[in-house]
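Take a look at the structure set out below.
Values quoted throughout were computed directly from the atomic coordinates according to the rules given, and no laboratory measurement underlies them. For clarity, every value in this text was computed on a predicted model and none was experimentally measured. Positions of Cβ are backbone-derived with ideal geometry, glycine not excepted, and every protein chain shown enters the neighbour counts.
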Amino acid sequence: MSSRNIFIQIILLIVFLLVQIILFKNLVVFNVAFCFIYVSFLLMLPFDIDRLFLMLIGFSTGFMVDIFYDTLGIHAASCVLIMYLRPMYFKLVAPQGGYDVRIIPSIRDMGFIWYAVFTLIFVFIHHLTIFFLEAGGGKMFFYTLLKVFFSTLFSSFVIILVQYIFYPPRR
């Protein structure tokens, strides 16, 4: 990763965190659909980052959100989990020649179907972890699943919308 790419990633992190904290923190639909747009930053990290470094980035990002949400590490834990699972997913779905390390996971580079499936899977895992940790396990199981389902749809929709706005597909 070049120093230019690192600078761009830091700017993206700041922008996504500010949008999350200022705009989406208080945006809740029917008390079941929450939007965690900052996950988009984690999903768009380049393919060639080491797993340990991914987990450190995930922890740092989640911890910054935890500070403003007053959630005691719930976001950090869920971000570390998805960053741990991310390389496994890429190995599982990698094309025969592997991924080009110069591109990032985006709609522009990977296409809508690939990116939508990738986003739905990782946003679901992220939200499942957050809401069940927040509920303290299996308490209010069906209500928690309802929150996971609708929050996954809401967050994924917004993340894909942001991709279309800032990374439109090539024609």
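Worth a mention:
- MRE, 222 nm, helices only [DSSP H, n ≥ 4, -39500 (n - 2.57), over the chain, to nearest 500]: -22500 deg cm²/dmol
- Relative to the longest principal axis of the Cα atoms of the chain, the long axis of helix 74-93 lies at roughly 40 degrees.
- The relative contact order of the chain, computed from alpha carbon pairs under 8 Å that lie at least 6 residues apart in sequence, is 26 percent.
- The H on the amide N of residue 28, modeled in the peptide plane, is under 5 Å from the matching H of no residue at least 5 residues off or on a different chain.
- Charge dipole magnitude, Cβ of K and R +1, D and E -1 - the chain, Cα centre, debye nearest 20: 340
- Note on residue 133/residue 90: beta-carbon distance plugged into 1/(1 + (r/R0)^6) with R0 of 22 Å gives a FRET efficiency of 0.30.
- Net +/- balance of residues flanking residue 80 in space, Cβ distance below 15 Å, scoring K and R +1, D and E -1: 0
- Listed peptides 83-94, 134-145 by packing density, highest first (mean Cβ within 10 Å): 83-94, 134-145
- Phi to ³J(HN,Hα) by Karplus 6.51 cos²θ - 1.76 cosθ + 1.60 over the range 147-155, Hz, x for Gly, Pro: 5, 4, 4, 6, 5, 5, 5, 5, 5
- Residue 36 long-range amide H proximity, modeled H, under 5 Å: 155
- Whole-Hz ³J(HN,Hα) from phi, Karplus 6.51 cos²θ - 1.76 cosθ + 1.60, for the range 106-113, glycine and proline x: 8, 4, 4, 8, 10, x, 5, 4
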